[in-house]
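Q: Can you read through this structure? Questions will come right after.
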Amino acid sequence: MNPAFLFSFVFILQLSVPKLHRLMATLTYQDLIVRVLFLALVVAPLPEHAFSEVVHNNFTIARGRELASGCNLFQGKWVFDPSYPLYESSACPFIDPEFDCIKYGRPDRQYLKYSWKPDSCDLPRFDGVDFLKRWSGKKIMFVGDSLSLNQWESLACMIHASVPNSRTSYIRQESLSSVTFQDYGVTLLLYRSPYLVDITRESIGRVLKLDSIQQGNAWKGMDMLIFNSWHWWTHKGKAQSWDYIQDGTTISKDMNRLLAFYKGLTTWARWVDLNVDPAKTKVFFQGISPTHYQGREWMSASKNCNGEQQPLTGSTYPAGTPPEVQVVNKVLSRIKKPVFLLDITTLSQLRKDAHPSAYSGDHAGVDCSHWCLPGLPDTWNQLLYAALVM
């Protein structure tokens, strides 16, 4: 039997029959076609020897999500916690208007009062002073899109709340921004790169090059790198930031976006293998951050996240795992250098209540893509901290 077909079959069956019924109820015909196309375009072309290697390495990746203590940080549930939030938005000088939900009129506060509880251990509470001492004199860079911006601002606020009187320098630019805690010599940098691979301006227009990553020169010399990419790969029309897409020598107006993401992320993985010295640099990949624009995904009559005030209970999401997660897992399974996956997808899917929705100061309409600060990205950074100290 063809192993690609076998994998596709097992991939569907592993949902279990009840879960499969729930998933089918949430998917449109178009959603289903996209998932089948992904399996056909990404999984099927693999040779048999490569396929068996991927299956084996996927097991390795899953084990890699467990720390030396045996704890899976990403399997758990949300619990009410009156000690939250970790900081007040009004006291943090680094929050952009689009994430400052309280300032822009969000009336409810319960969404601020939840902490993540792993099933198999206790998550250490973030200690900003300890973080600064551990990374004294170091440079930490977030690389990605506005979800990286969300997480970067969150970490800066969490640290600032621990050392509110520490001297800081703050620089915001289009491509490279930074916050430096001068008393400790710790710099948090943000490099904007929504695709991780390059976009170049040529005579035909803007070209997204799936096999080029010249911008990676700016990422060298860091002590920690946290990468993220996906949301911009889905943009079309006026929101799309390229005119053509180049795969090797082939230039076209468009291609399957999951396949393009897979090829671009594979180029990033090669960059990591060629340029990262694990003795000097820790590398993380921030898992796929979900959106909540379709209420049917969580079995709700709601049109989107607007008005949602509580997380989903339990530890599973009715619509299941989005196909782009499979792309990330596949690429990470082949990478040779150690990369820790911050597997935040499912725990974030449960937080339909944590988006700016109608309370963004810099986003037209309803924003069910980004996250309020304080809020969910603080948990992402708690998990980052736990991965470093546990």
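The values are calculated or read from the model by the stated rules, or taken from the named source; none is laboratory data. Source: prediction; values computed, not measured. Cβ atoms come from the backbone with ideal geometry, glycine included; neighbour counts cover every protein chain shown. We work out accessible area using only protein heavy atoms, side chains counted, and drop any ligands, DNA or RNA first. Shrake-Rupley method; radii C 1.70, N 1.55, O 1.52, S 1.80 Å.
Q: So residue 190 clears everything in (1) closer than 22 Å to residue 362 by Cα; (2) free of Cβ contacts under 8 Å to residues at least 60 places away in the same chain; (3) more than 19 Å from the chain's Cα centre (by Cα); (4) surrounded by 16 or more Cβ atoms within 10 Å (Cβ to Cβ) except one condition, right? Which one?
A: (3)
Q: Cβ contacts < 9 Å: first residue in a helix (DSSP H, G or I), restricted to region 110-127; second residue modelled with pLDDT of 95 or more and β-branched (Val, Ile, Thr), any location; separation 6+ or different chain. Result?
A: 112/102
Q: Please find, within region 199-240, the residue that is nearest to the chain's Cα centre (by Cα) out of those that are at pLDDT 95 or above and small (Gly, Ala, Ser).
A: The selected residue is 229.
One line per residue, one yes/no per condition, for (1) crowded, with 20+ Cβ neighbours inside 10 Å; (2) in contact (Cβ under 8 Å) with a residue 40 or more places away in the chain; (3) acidic (Asp, Glu):
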residue	(1), (2), (3)
295	no, no, no
327	yes, yes, no
340	no, yes, no
358	no, yes, no
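Q: Still on this model: Only one residue in 234, 281 is in contact with an Asp or Glu (Cβ under 9 Å, 6 or more places away or on another chain), of a type outside the set (Gly, Ala, Ser) and open to solvent by less than 30 Å² (accessible area, probe 1.4 Å). Which one?
A: Exactly one of 234, 281 is in contact with an Asp or Glu (Cβ under 9 Å, 6 or more places away or on another chain), of a type outside the set (Gly, Ala, Ser) and open to solvent by less than 30 Å² (accessible area, probe 1.4 Å), namely 281.
Q: I would also like to ask the following. Wholly within region 210-268, which strands (runs of 3 or more DSSP E) include no fewer than the required count, namely at least 1 residues that are within 17 Å of residue 175 (Cβ to Cβ) and of a type outside the set (Val, Ile, Thr)?
A: Those strands (runs of 3 or more DSSP E) span 224-227.
Q: Same structure again: Enumerate the pairs (first residue in region 194-215 and farther than 12 Å from residue 266 by Cα and basic (Lys, Arg); second residue anywhere and in a strand (DSSP E or B) and at pLDDT 95 or above) with beta-carbon separation below 6 Å, excluding pairs fewer than 6 apart on the same chain, so at least 6 apart or on different chains.
A: Taking only residues 6 or more apart or on different chains, the pairs are 206/199; 209/198; 209/246.
Q: Regarding residue 174, is this residue among the acidic types (Asp, Glu) and either loosely packed, with under 13 Cβ neighbours inside 10 Å or in a strand (DSSP E or B) (or both)?
A: Spelling it out, residue 174 is indeed among the acidic types (Asp, Glu) and either loosely packed, with under 13 Cβ neighbours inside 10 Å or in a strand (DSSP E or B) (or both).
Q: I want to confirm something. Restricting to region 66-88 and keeping residues that are of a type in the set (S, T, N, Q) and within 22 Å of the chain's Cα centre (by Cα), which single residue is most open to solvent (accessible area, probe 1.4 Å)?
A: Residue satisfying both the conditions and the ranking: 75.
Q: Filter region 261-311 down to the residues that are closer than 14 Å to residue 328 by Cα and aromatic (Phe, Trp, Tyr) and list them by number.
A: 261, 262, 268, 284, 285
Q: OK, next. Which is over 30 Å from residue 239 (Cα atoms), open to solvent by 10 Å² or more (accessible area, probe 1.4 Å) and part of a strand (DSSP E or B), of 169, 136?
A: Every option except 169 fails the conditions.
Results for (1) part of a loop (DSSP other than H, G, I, E, B); (2) of a type outside the set (Lys, Arg); (3) in contact (Cβ under 8 Å) with a residue 40 or more places away in the chain, shown as yes or no for each residue.
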{"site": "301", "(1), (2), (3)": "yes, yes, no"}
{"site": "320", "(1), (2), (3)": "yes, yes, yes"}
{"site": "347", "(1), (2), (3)": "no, yes, yes"}
{"site": "351", "(1), (2), (3)": "yes, no, yes"}
{"site": "374", "(1), (2), (3)": "yes, yes, yes"}
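Q: Follow-up question, since we're still on this one. For region 307-320, how many residues are crowded, with 19+ Cβ neighbours inside 10 Å and either touching a strand residue (DSSP E or B) at 6+ places or on another chain (Cβ under 7 Å) or hydroxyl-bearing (Ser, Thr, Tyr) (or both)?
A: Residues in region 307-320 being crowded, with 19+ Cβ neighbours inside 10 Å and either touching a strand residue (DSSP E or B) at 6+ places or on another chain (Cβ under 7 Å) or hydroxyl-bearing (Ser, Thr, Tyr) (or both): 2 in total.
Q: Limited to region 375-390, what total is found for residues that are open to solvent by 10 Å² or more (accessible area, probe 1.4 Å), within 15 Å of residue 135 (Cα to Cα) and among the hydrophobic types (A, V, I, L, M, F, W, C)?
A: The number of residues fulfilling the criteria is 3.
Q: Continuing with this model, one more query. Of the residues that sit in region 269-299 and are among the hydrophobic types (A, V, I, L, M, F, W, C) and assigned to a helix (DSSP H, G or I), which one is farthest from residue 220 (Cα to Cα)?
A: Result: 298.
Q: Next question. Report, ordered by the first and then the second residue, all pairs with beta carbons closer than 7 Å, sequence separation of six or more or different chains, a first member in region 131-144 that is under 27 Å from residue 268 (Cβ atoms), and a second member that is among the aromatic types (Phe, Trp, Tyr) and open to solvent by less than 80 Å² (accessible area, probe 1.4 Å).
A: Here the result reads 131/385; 141/191; 141/219; 142/152; 143/191; 143/219; 143/227; 144/227, each pair linking region 131-144 to a residue that is among the aromatic types (Phe, Trp, Tyr) and open to solvent by less than 80 Å² (accessible area, probe 1.4 Å).
Q: Still on this structure, I have one more. Only one of 109, 134 is of a type in the set (Lys, Arg) and more than 30 Å from residue 167 (Cβ to Cβ). Can you tell me which?
A: Answer to the selection: 109.
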